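Worksheet for the structure shown next.
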Protein chains: 2
Amino acid sequence: MDFKKRAKELVSKMTLEEKMGQMKYNAPAIPRLGIPAYNWWNEALHGVARSGTATVFPQAIGMAASFNDQLMEEVATAISDEARAKYNEYKTFGDTQIYQGLTLWSPNINIFRDPRWGRGHETYGEDPYLTGRMGSAFVRGLQGYDPVYRKTDATLKHFAVHSGPEGLRHGFNAEVDQKDLYETYLSAFRYCIDHAHPAAVMGAYNRVNGEACCASPTLMEILRGEFGFDGYYVSDCGAIRDIDMFHKLAASPDESAAMAANAGCDLNCGDAYVYLQVAYEKGLVSEEVITRSVERLMEARLRLGMFDDGCPYDSITMDVVESPEHIALNREMARQSMVLLKNDGILPLKGGETIAVIGPNADSQSILLGNYNGTPSQYTTLLRGIQEASSGKVNYARGCHLYKDDEPGSCGEHPYREAVLAAKRSDVVILCMGLDPTMEGEQGDAFNGDGSGDKVDLELPACQKVLYEEIIKTGKPVIFVNVSGSCISLVRQDEECAAVLQCFYPGAEGGHALADILFGKASPSGRLPVTFYRSADDLPDFTDYSMEGRTYRFFKGSPLYPFGFGLSYTSFTENWLDDKTVEVTNTGSMDSWHTVLQIRDTPYPTLIGFTKVWVKAGETVTAVVKQN
Amino acid sequence: MDFKKRAKELVSKMTLEEKMGQMKYNAPAIPRLGIPAYNWWNEALHGVARSGTATVFPQAIGMAASFNDQLMEEVATAISDEARAKYNEYKTFGDTQIYQGLTLWSPNINIFRDPRWGRGHETYGEDPYLTGRMGSAFVRGLQGYDPVYRKTDATLKHFAVHSGPEGLRHGFNAEVDQKDLYETYLSAFRYCIDHAHPAAVMGAYNRVNGEACCASPTLMEILRGEFGFDGYYVSDCGAIRDIDMFHKLAASPDESAAMAANAGCDLNCGDAYVYLQVAYEKGLVSEEVITRSVERLMEARLRLGMFDDGCPYDSITMDVVESPEHIALNREMARQSMVLLKNDGILPLKGGETIAVIGPNADSQSILLGNYNGTPSQYTTLLRGIQEASSGKVNYARGCHLYKDDEPGSCGEHPYREAVLAAKRSDVVILCMGLDPTMEGEQGDAFNGDGSGDKVDLELPACQKVLYEEIIKTGKPVIFVNVSGSCISLVRQDEECAAVLQCFYPGAEGGHALADILFGKASPSGRLPVTFYRSADDLPDFTDYSMEGRTYRFFKGSPLYPFGFGLSYTSFTENWLDDKTVEVTNTGSMDSWHTVLQIRDTPYPTLIGFTKVWVKAGETVTAVVKQN
């Protein structure tokens, strides 16, 4: 079907006012044309989000750690199935509300430039190539494989050069040179456009070299001209009003609206485009500009099958939501997302040990879910996963609050001693610490006050440090499970603990997956998608967007754990047959996934290819490493 | 052993300053006498509280609904075992911190005079006799049965005439006549002193007829003189400072301290007794008064075995905490605490139905725990209990926030539609609504703003009412599970729902217990320990402490569900052989507990006896009803 032509025809029947209305994210119905109201805003970062029950996969940063883009594509397929099932039911109400549509404002493919950025865990880490591979797999899975219809729309965000500080985002000007712009900040956008043809791109809040991202002729020329993007462009929510209110590039909201529309921002999340009428009357924007945008938008809705009867995705039912297959897939992704950073041999546990599970993240639901999340109807906390899998006694003690010395509602409870006693009664301690999504997140969402969502440093909170001391003093072997979406300084843990495991925000199956790793039902195969620095003092100023001294590609210091690092329970040898072909031999005694990474100096270290292979103990597998 | 004599001897060796120190709840060590520091403050309302992991039994109001004081005594025995086990370990640190000692400031035997009182769910309801029976069973279980040593100390609170408003409690004057004072407010205190010899009594914040409870010659004469109480008296926390700060009965903190000490308040929770030294220097308090109090306190510590080696309770180990036996006991108590208020025959479910579980309380951990609670290392939400027990598909939808139309962090999610869709896909809806402990509780603890912990009316929150409408409109049969610690107006639910079940705050095993009831593994046997009114408009002003027009004894209107009401899955006949002896026949087809109540007009309706009997289907059991 020629959706472009149908869109043109449909839009040609609209009045100017009707067209302007369609450029708002909460587009009204046009009953005389058979167009129902539609709310474009939906989210699916790691599962259908904010729309009730859904399979909640590991947070994006954890999925990146799997280095398994095939698995990622399966996850995205599951997500788009669930989104479709929900849409198919929601549309029976005659319209859609927020978080009920098919236009998904995911993935977040910004580069995790600095570990202090609160939203970094929404991304695929610090490497442009890994981000491109994971992002394009995600886009393909969301958009589906039907030759005619798209299953859902993926939206690359935030275009561009967006990575904090959260507190300044509405008026921030990111200054970058052309090298960093192309080699770091835009690289994954280009990769995803080339490899996965995303339906949409979302503009960021900030300016880049002085131009507001949602009204930037420079960025739009790169996107549509150089990169060949031919989808629609949506503003981040409220970003167009930022142009006059915070960037001070326009004198009024109608000027902002006109600037964005003229630059090619087709859809407005926020309320700026109610001023398009005024802008039009002032002669700031032409009907041609508006028509062009609305044609793109209606083409998208047509391509999603919203106006047709024969769309094959209409038959997806709610049975897919949290189906046994999706739950199994979730557990597999969670297993592959965990990164073993140290192991003196204590892992995997033999079974039968008396185990103390200690720490504020042990029985937390929040850490499973991350942000931009749905609601699982069943979830397994880290504690519960260990309890279910352990054949020995499990002694649980929360030990302390996540970050408060005196928590509200605790009425002065001092929980350190209970944790010490639990450790003393046990053979081994599993210490579940770190952050949660209220401590690193988006401006307005996160509750860490000082940082507006960002972290002020890489340290564990003070009360956790006290608890850590107390537990180490017991002399019991400690398996440190670090839960966070970003680098935490683990210098002391690396010295003092028997094992260190990074598990990000592992999704609804997090507890099962952790237990699978701890008890050796699965060998860890995740690799760090970000550098684990020793201290934030080793980094340039957070507001500095130069890549100098940042990420494994440009950092000159000695990281605690480098990008790409991750241990296994077995051992592998790699025998390269040519530049792309490798024989991987599992020389240990446990079947396992193995992650093959190719990092070259070009002239700085650069990931140029990776693949993930399943190799049984004692066997050899030949793999062709994907490089483009 | 003569603990009184030993206490006298020990105290005789103390300086005046040392003695004054011992009257503070955080009593310092006296190393030269071998007395370690001791923090008297511990809580155990329905399980060891605020001291980490513990078996969390149903909230007190739910246990009262069981009308099973034998089971209550078993529960209290389990609690005191867990408290002892913890103390035995904590004391290895050489002292105790808050919530680590053996002196438990439970039970709360205030009369639940008005359903708006936020702390009402800590009590055993509105009836003095039920409260006395339940309270004395609880005290016996806490204090144990050793002829020499006490296992833990129980503390009756709050003496006296204390039941809100929370926001005024520090300066409130409760005015009561002698009839209400004796027949309602003091009755359970007398009963427990007569039947269970509690170690301690806690004085309330408020005044009674002008005298501050922690410094009231009138109340103390009743307590020690008339009722024969011979234990120690502890102030509520901060209550002694209230005497000068809010009651304005004293001009300075030293005057407050002297008033309390002279009245016989032996122990001070708060910081008022640091002023005892000043009071002594001013001649406001004598050394004899201080010596008398400290002798009582040291006698208590001696009787708890703190200074002896041979105390049999020293051998209780941490294995008892959340032991399989305690968990089974918890589930049984939770089953017996649930009250079936309406059933058109839909319950028990046949099994195999597709079930929608909807509502903000369905997957809530908070509602399991109530307040003054410990932390279970494993818990089963209502949703999870249903999921585990159901053989049919379970469709979960949260549906709305507990009380906020737009909740923080929801980012505008509108969850009603998902709930409607879940209902439509199902054969039956289990709607889990009501309150949680943040909406009814203590001043400072509860977050319902307007009420300082109290409820402003008996209504469900507005957003829940919207959700309720939407679900009813689907026409699906609804089983309404009301979660609350107090009466909620269920007029519409009684008309429109297929079944109504009151489950209070059901403890860590709440989900299992609910599923046992819903799927017919157990027949409901709980009875309401409070009247369920139709509206707060039917009640006198909340600040009015006259019993006129309150509770089943004096309410003249027509309640929706009366005190003592509760349905079963089977049917019973009672054949009274004499005033105390009854033949109970189970005329139905399901084994079940049956609650026998004797309510007499004396001249107003009064509960004078009750018992709980297990009767198999078709069988007859003869029971002697306990009446004193």
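Side notes on the structure shown:
- Test: A:Y313 is more than 24 Å from A:R150 (Cα to Cα) and of a type in the set (S, T, Y): no
- The selection criterion, being more than 9 Å from chain B (Cβ to nearest Cβ), touching a residue at least 12 places away in the same chain (Cβ under 8 Å) and either over 23 Å from the mean Cα position of the chain (by Cα) or over 29 Å from B:T438 (Cα atoms) (or both), does not hold for A:L383.
- The criterion of being under 25 Å from B:K455 (Cα atoms) and β-branched (V, I, T) does not hold for B:V234.
- Taken as a whole, the structure leaves A:G557 outside the set of residues that are in contact (Cβ under 8 Å) with a residue 12 or more places away in the chain, within 25 Å of A:L71 (Cβ to Cβ) and among the small types (G, A, S).
- Screening A:G351, A:G392, A:G345, A:G310 for residues that are more than 11 Å from chain B (Cβ to nearest Cβ), over 28 Å from the mean Cα position of the chain (by Cα) and within 30 Å of A:V11 (Cβ to Cβ) leaves exactly one candidate, A:G310.
Residue by residue, here is whether (1) within 14 Å of chain A (Cβ to nearest Cβ); (2) surrounded by 21 or more Cβ atoms within 10 Å (Cβ to Cβ); (3) touching a residue at least 40 places away in the same chain (Cβ under 8 Å) holds:
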site: B:R6; (1), (2), (3): no, no, yes
site: B:M20; (1), (2), (3): no, yes, yes
site: B:N26; (1), (2), (3): yes, no, yes
site: B:L33; (1), (2), (3): no, no, no
site: B:R50; (1), (2), (3): yes, yes, yes
site: B:T55; (1), (2), (3): yes, yes, yes
site: B:D69; (1), (2), (3): no, yes, yes
site: B:T96; (1), (2), (3): yes, yes, yes
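- Being among the aliphatic types (A, V, I, L, M) and surrounded by 18 or more Cβ atoms within 10 Å (Cβ to Cβ) is not true of B:L577.
- Taking the criterion of being touching a Lys or Arg at 6+ places or on another chain (Cβ under 8 Å) and assigned to a helix (DSSP H, G or I), the residues of the stretch B:451-471 that qualify are B:G451, B:C463, B:Y468.
- When residues of the stretch A:395-424 are limited to those that are within 9 Å of chain B (Cβ to nearest Cβ) and within 32 Å of the chain's Cα centre (by Cα), the one surrounded by the fewest Cβ atoms within 10 Å (Cβ to Cβ): A:P408
- Condition check for B:A328 on (1) surrounded by fewer than 18 Cβ atoms within 10 Å (Cβ to Cβ); (2) under 25 Å from A:G385 (Cβ atoms); (3) within 14 Å of chain A (Cβ to nearest Cβ); (4) of a type outside the set (D, E): one failure, at (3).
- Scanning the stretch A:98-107 for residues that are more than 10 Å from every other protein chain (Cβ to nearest Cβ), out of contact with any Leu (no Cβ under 8 Å at 6 or more places or on another chain) and under 15 Å from A:A54 (Cα atoms) returns a single hit, A:G101.
- Per the listing B:S489, B:S484, B:S523, the residue uniquely touching a residue at least 12 places away in the same chain (Cβ under 8 Å), among the polar types (S, T, N, Q) and surrounded by fewer than 23 Cβ atoms within 10 Å (Cβ to Cβ) is B:S489.
- Filter result for the condition that a residue is modelled with pLDDT of 95 or more, surrounded by fewer than 20 Cβ atoms within 10 Å (Cβ to Cβ), over 32 Å from the mean Cα position of the chain (by Cα) and not hydroxyl-bearing (S, T, Y), over B:K465, B:K473: B:K473
- Filtering the stretch B:277-296 to residues that are crowded, with 19+ Cβ neighbours inside 10 Å and not β-branched (V, I, T) leaves B:A279, B:Y280, B:L284, B:S293, B:E295, B:R296.
- Meets criteria (in contact with a Pro (Cβ under 8 Å, 6 or more places away or on another chain) and within 16 Å of B:Y99 (Cα to Cα)) for B:G52: yes
- Checking B:L528 against (1) in contact with a Cys (Cβ under 9 Å, 6 or more places away or on another chain); (2) not in a loop (DSSP other than H, G, I, E, B), the condition it does not meet: (2)
- Counting only residues that are acidic (D, E), within 13 Å of chain B (Cβ to nearest Cβ) and under 24 Å from the mean Cα position of the chain (by Cα), the stretch A:313-325 holds 1 of them.
- For the stretch A:426-438, a residue qualifies if it is surrounded by 24 or more Cβ atoms within 10 Å (Cβ to Cβ) and either on the phi > 0 side of the Ramachandran plot or within 14 Å of chain B (Cβ to nearest Cβ) (or both), and the qualifying residues are A:I430, A:C432, A:G434, A:D436, A:P437.
- Residue identified as under 14 Å from the mean Cα position of the chain (by Cα) and either more than 14 Å from every other protein chain (Cβ to nearest Cβ) or crowded, with 24+ Cβ neighbours inside 10 Å (or both) among B:R116, B:R169, B:R133: B:R133
- Annotation note: Cβ proximity below 6 Å between a residue of the stretch B:242-254 that is surrounded by 19 or more Cβ atoms within 10 Å (Cβ to Cβ) and a residue that is in a helix (DSSP H, G or I) and small (G, A, S) (sequence gap 6+ or interchain) occurs for B:I243/B:A215; B:I243/B:S256; B:D244/B:S256; B:A250/B:S256; B:P253/B:A272; B:D254/B:A279.
The values are calculated or read from the model by the stated rules, or taken from the named source; none is laboratory data. Everything numeric here is computed off the predicted structure, so don't read it as measured data. Cβ sites come from the backbone with ideal geometry, for glycine too, and all protein chains shown count toward neighbours.
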